[in-house]
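The values are calculated or read from the model by the stated rules, or taken from the named source; none is laboratory data. Note that this is a predicted model, so its numbers are computed, not measured. Please note: Cβ atoms are built from the backbone with ideal geometry, for glycine as well, and neighbour counts cover all protein chains shown. Only protein heavy atoms, including side chains, enter the accessible area calculation; ligands, DNA and RNA are left aside. Shrake-Rupley method; radii C 1.70, N 1.55, O 1.52, S 1.80 Å.
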Amino acid sequence: MALRWCLVALWTAVSSGCAARAIPAARSAAIAPAIRDSVRVVLVEALNDSTFPGAIAVVGRAGGILAVERVGRIDWPPDAAAPTDSTIWDLASLTKVVGTTTAIMQLWSARRVELDDPASHYLPRFTTPGASRVTVRHLLAHRSGLPPFRRYFETATSAADVLDSVYATPLDTVAGTRMVYSDVGAILLGQIVERITGQPLDSYLAANVFAPLGMRETLFRPPPWQWAMVPPTEQDPWRGRAVRGEVHDENAYALGGVSGHAGLFGSARDLSRFARMMLNGGELEGQRVLDRKALRLFTRRENGKVSHRALGWETPNGANSAGRLASRRAFGHTGFTGTSLWIDPERDLFVVLLSNRVNPTRASEKIHSVRVRLADAVFAAYDAAR
């Protein structure tokens, strides 16, 4: 099966105009088994170390899938279901890139948003002192001066209350001077999308990103009939119950489940389709979602003097979840619940990892080393096989 998928991927890459990236068939046939074995070792070790109850990893290229590996179950009881390609995971902060950043990329290409405009140009309610200096670019690159996080959910009584607090959040530093990863800034980006398009963020993304890409299992607020397909996350002390089918992030929950920083759920199958689109210059199976100019701009390091961040995306720095072998052109992101996506255009390769490592508690930090080992294992196996 792995060999067949590999050859299909190679043929698709050639027939779709990606022949320059194709490799000899004999070597291509060796890549999938090598990657599959390397991924399996990392996931089994993590499972045995109780990093998560279950996980799935997918490695592929623009033309298709090279390897899929699953371990464990979606919950700790022995009768819980095993993860599948269609299991719907809480993607956490992958929402920021798969959702919000992609929407901003589309709007930038359509000249409906300018990166160096003040964010307040689109959000008149954003009037906290210093807000006039905060640009859309600053929000994307996490250089807005806003704090990383505020516990809005503890005092808010409605989604409107949360947004009032977000708009009034004081800056910690002058915009542009340093990088501080900020959920607050990502919430504002989601609001910018809604103000420009006149649509709720989830509706815009469903119509303009997920439907064109055939991402049938990617959505905000899964309906209750789908919850059996959703791995539970945390035994949440704030909600006083185990969280399943509802967003794990408390601020996103207080915002009604839809936000620019968190709230998106999705499957390994769907994230693989998204990654293939990114590797294929913004297009998948005849559906263009992003233009190449936007891809180049948003996925390259934005300001190397300040940080390693791109616009929305993260880039390798030798210490983050990209591992030590990713190329300088690679870009990716992680999610707090135990998710990650890394895309390396130089190798024409992507790595998806989906897990619920916060089950039953967020206390463990083992997932970071697992992400690093997984990325290194995949890139090393790929380089050796080719």
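Quick check: is even one residue across the stretch 192-208 within 13 Å of Thr100 (Cβ to Cβ), among the acidic types (Asp, Glu) and open to solvent by 30 Å² or more (accessible area, probe 1.4 Å)?
For the stretch 192-208, residues within 13 Å of Thr100 (Cβ to Cβ), among the acidic types (Asp, Glu) and open to solvent by 30 Å² or more (accessible area, probe 1.4 Å): present.
Looking only at the stretch 129-177, count every residue that is without any contact (Cβ under 8 Å) to a residue 40 or more places away in the chain, surrounded by fewer than 19 Cβ atoms within 10 Å (Cβ to Cβ), closer than 12 Å to Ala119 by Cβ and of a type in the set (A, V, I, L, M) and tell me the total.
The total comes to 0.
Give me the residue from the stretch 93-115 that is open to solvent by 10 Å² or more (accessible area, probe 1.4 Å) and part of a loop (DSSP other than H, G, I, E, B) and, out of that set, nearest to Glu302 (Cα to Cα).
Filtering the stretch 93-115 for residues that are open to solvent by 10 Å² or more (accessible area, probe 1.4 Å) and part of a loop (DSSP other than H, G, I, E, B), the one nearest to Glu302 (Cα to Cα) comes out as Glu114.
Inspect all residues belonging to the stretch 59-80 and state whether any of them is within 30 Å of Leu171 (Cα to Cα) and either surrounded by fewer than 21 Cβ atoms within 10 Å (Cβ to Cβ) or touching a residue at least 60 places away in the same chain (Cβ under 8 Å) (or both). If you could, list the steps in order and put the result at the bottom.
Here is the first cut: in the stretch 59-80, the ones within 30 Å of Leu171 (Cα to Cα) are none.
No; the residues of the stretch 59-80 include none that is within 30 Å of Leu171 (Cα to Cα) and either surrounded by fewer than 21 Cβ atoms within 10 Å (Cβ to Cβ) or touching a residue at least 60 places away in the same chain (Cβ under 8 Å) (or both).
Name the residues in the stretch 76-96 that are out of contact with any Phe, Trp or Tyr (no Cβ under 7 Å at 6 or more places or on another chain) and among the acidic types (Asp, Glu), would you? Walk me through it before giving the result.
Residues of the stretch 76-96 out of contact with any Phe, Trp or Tyr (no Cβ under 7 Å at 6 or more places or on another chain): 76-87, 94-96.
Those that are out of contact with any Phe, Trp or Tyr (no Cβ under 7 Å at 6 or more places or on another chain) and among the acidic types (Asp, Glu): Asp79, Asp85.
Does Leu325 qualify as being among the aliphatic types (A, V, I, L, M) and over 23 Å from Ala186 (Cβ atoms)?
So Leu325 passes the test.
Would you point out the residue of the stretch 273-313, among those that are among the small types (Gly, Ala, Ser) and in contact with a strand residue (DSSP E or B) (Cβ under 7 Å, 6 or more places away or on another chain), that is nearest to Gly260 (Cα to Cα)? Even if it seems obvious, please write down each step before you answer.
Step one: list which residues in the stretch 273-313 are among the small types (Gly, Ala, Ser), which gives 275, 281-282, 286, 294, 304, 307, 310, 312.
Going one step further and asking which of them are in contact with a strand residue (DSSP E or B) (Cβ under 7 Å, 6 or more places away or on another chain), we end up with 275, 282, 310.
Values: Ala275: 19, Gly282: 21, Ala310: 17 Å.
Among those residues, the one meeting the criterion is Ala310.
Just the residues that are of a type outside the set (A, V, I, L, M) and assigned to a helix (DSSP H, G or I), please, taken from the stretch 170-208. Don't jump to the end; show me each part of the working.
Our first condition is that a residue be of a type outside the set (A, V, I, L, M); within the stretch 170-208, this holds for 170, 172-173, 176-178, 181-183, 185, 190-191, 194-195, 197-200, 202-204, 208.
Result: Asp183, Gly185, Gly190, Gln191, Glu194, Arg195, Thr197, Asp202, Ser203, Tyr204, Asn208.
Does Ser307 meet the test of being buried (at least 22 other Cβ atoms within 10 Å of the Cβ), in contact (Cβ under 8 Å) with a residue 12 or more places away in the chain and touching a His at 6+ places or on another chain (Cβ under 9 Å)?
Details: buried (at least 22 other Cβ atoms within 10 Å of the Cβ): no; in contact (Cβ under 8 Å) with a residue 12 or more places away in the chain: yes; touching a His at 6+ places or on another chain (Cβ under 9 Å): yes.
In short, no.
Looking at this structure, is Trp225 in contact (Cβ under 8 Å) with a residue 60 or more places away in the chain, among the aromatic types (Phe, Trp, Tyr) and open to solvent by 10 Å² or more (accessible area, probe 1.4 Å)? Lay out the reasoning, then the answer.
Details: in contact (Cβ under 8 Å) with a residue 60 or more places away in the chain: no; among the aromatic types (Phe, Trp, Tyr): yes; open to solvent by 10 Å² or more (accessible area, probe 1.4 Å): yes.
No.
So how many residues does the stretch 367-386 have that are farther than 18 Å from Pro345 by Cα, among the hydrophobic types (A, V, I, L, M, F, W, C) and open to solvent by 30 Å² or more (accessible area, probe 1.4 Å)? First the steps, then the outcome.
In the first step, residues of the stretch 367-386 are kept if they are farther than 18 Å from Pro345 by Cα; the result is 367-373.
Next cut, among the hydrophobic types (A, V, I, L, M, F, W, C) only: 367, 370, 372.
Applying the additional criterion that residues be open to solvent by 30 Å² or more (accessible area, probe 1.4 Å) yields none.
Here the count works out to 0.
Just one of (1) farther than 30 Å from Pro77 by Cα; (2) in contact with a Leu (Cβ under 8 Å, 6 or more places away or on another chain); (3) open to solvent by less than 20 Å² (accessible area, probe 1.4 Å) trips up Pro345, so point out which.
It is condition (3) that Pro345 fails.
Quick test for you: out of Val258, Val247, pick the one residue that is touching a Leu at 6+ places or on another chain (Cβ under 9 Å), in contact (Cβ under 8 Å) with a residue 40 or more places away in the chain and surrounded by fewer than 24 Cβ atoms within 10 Å (Cβ to Cβ). Give the steps one after another, and end with the answer.
Numbers: Val247 fails: surrounded by fewer than 24 Cβ atoms within 10 Å (Cβ to Cβ).
When all the criteria are applied, what remains is Val258.
Looking at Thr84, Thr95, Thr101, Thr127 in this structure, which one is hydroxyl-bearing (Ser, Thr, Tyr) and closer than 16 Å to Phe52 by Cα?
Among Thr84, Thr95, Thr101, Thr127, only Thr84 is hydroxyl-bearing (Ser, Thr, Tyr) and closer than 16 Å to Phe52 by Cα.
Count, please, the residues in the stretch 209-221 that happen to be of a type outside the set (Ser, Thr, Tyr) and in a loop (DSSP other than H, G, I, E, B). Even if it seems obvious, please write down each step before you answer.
Filtering the stretch 209-221 for residues of a type outside the set (Ser, Thr, Tyr) gives 209-217, 219-221.
Right, trim to in a loop (DSSP other than H, G, I, E, B) and you get 211-217, 221.
Of the residues in the stretch 209-221, 8 are of a type outside the set (Ser, Thr, Tyr) and in a loop (DSSP other than H, G, I, E, B).
Select, from Ile35, Ile31, the only residue that is at pLDDT 95 or above, over 18 Å from Ser369 (Cβ atoms) and open to solvent by less than 20 Å² (accessible area, probe 1.4 Å). Even if it seems obvious, please write down each step before you answer.
Working: Ile31 fails: at pLDDT 95 or above.
When all the criteria are applied, what remains is Ile35.
In this structure, is Ala310 closer than 23 Å to Val193 by Cα and of a type outside the set (S, T, N, Q)?
Details: closer than 23 Å to Val193 by Cα: yes; of a type outside the set (S, T, N, Q): yes.
Yes; evaluated as a whole, the condition is true for this residue.
Return the only residue of Asp376, Asp348 being touching a residue at least 60 places away in the same chain (Cβ under 8 Å), among the acidic types (Asp, Glu) and either within 23 Å of Asp37 (Cα to Cα) or in contact with a Pro (Cβ under 8 Å, 6 or more places away or on another chain) (or both). Walk me through it before giving the result.
Details: Asp376 fails: touching a residue at least 60 places away in the same chain (Cβ under 8 Å).
Sole residue among the options that is touching a residue at least 60 places away in the same chain (Cβ under 8 Å), among the acidic types (Asp, Glu) and either within 23 Å of Asp37 (Cα to Cα) or in contact with a Pro (Cβ under 8 Å, 6 or more places away or on another chain) (or both): Asp348.
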